[in-house]
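The values are calculated or read from the model by the stated rules, or taken from the named source; none is laboratory data. Quick caveat, the model's predicted, so the values are computed rather than measured. For neighbour counting, all protein chains shown are included, and Cβ atoms are generated from backbone atoms with ideal geometry for every residue, glycine included.
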Amino acid sequence: MANTERLYRIERLIRQKGVVGMAALMAELEVSRATLKRDLEYLRSRLGAPIEYDAAANGYRFGKACAGPRHELPGLWFDDAELYALLMAHRLLAGLDDGGLLARHLQPLLARIHELLGSSDGSAAGAALNQRVRVLGTMSRPVPSRHFQRVAEALLTRRRLHLRYHTRARRESGERDVSPQRLVHHRGTWYLDAWCHRAEGLRRFALDAIEDAALLERAAQELPLAEVEAAMDAGYGVFGGQRRERRWALLR
């Protein structure tokens, strides 16, 4: 049984029965006394579970600290295999994050995964991934973190952005309001596909060419993603057109 599953079952058993003895917990979880004590200590010290030993009842129960707001363990649980998969995903994302845009947001998650796996296993797994998994990327254009955060927030909250944007082809800067539709990472560069309200059409904006970005209160104009893909994918070298009928010709 995985560590996280055991913690959840300890919590559930004590809630259901009120008081549960050491022997009953060991039998239910199929673990040793030492392992059970470590799990109980983890629940108390790391997850704040008010579990205490009741000598009169010869078992573990929730203490008076639970009389106030109801104690709950985190609602999202992963087994060991899922945690290792998350470590792999983190490593792959790190390979695309040369500029460090995502690193400081992902680091707390990485630390939490290592903590759930256990310090020794987590450190060993992280070291093995760093040594044996390599993502080869192209040179990337640096993007100011504040711009990336504003764009991501506007995209996820479905709000408009006011941009001051440098158009390299014309070597000039201009201002416009846009409705973000999607973020695309292509060949080392982050792009924002958005509806430009000044041009009244879909446009592509390189995040490294954004000089300033301000989040507006007005809701973004919604477009079907299929429409965005049909209009923008070809610019990234993705062909999404209809398959044409094959015809044959005889050359004489």
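Working carefully through the options GLY68, GLY59, GLY48, GLY100, find the one that is more than 20 Å from GLU5 (Cβ to Cβ) and at pLDDT 65 or above. Give the derivation first.
Numbers: GLY68 fails: at pLDDT 65 or above; GLY48 fails: more than 20 Å from GLU5 (Cβ to Cβ); GLY100 fails: at pLDDT 65 or above.
Answer to the check: GLY59.
List pairs: first residue in region 186-207 and part of a loop (DSSP other than H, G, I, E, B), second residue of a type in the set (Ser, Thr, Tyr) and surrounded by fewer than 15 Cβ atoms within 10 Å (Cβ to Cβ) anywhere in the structure, Cβ distance under 6 angstrom, at least six positions apart or on different chains.
As it stands, the answer is ARG187/THR138; GLY188/THR138, since those pairs meet every condition given.
Could you list, in sequence order, all residues of region 159-183 that are surrounded by fewer than 16 Cβ atoms within 10 Å (Cβ to Cβ), farther than 14 Å from ILE210 by Cβ and either charged (D, E, K, R) or touching a residue at least 24 places away in the same chain (Cβ under 8 Å) (or both)?
The answer is ARG170, ARG171, GLU172, ARG182.
Only residues that are aliphatic (A, V, I, L, M) and assigned to a loop (DSSP other than H, G, I, E, B): list them for region 16-54, please.
VAL19, VAL31, LEU47, ALA49
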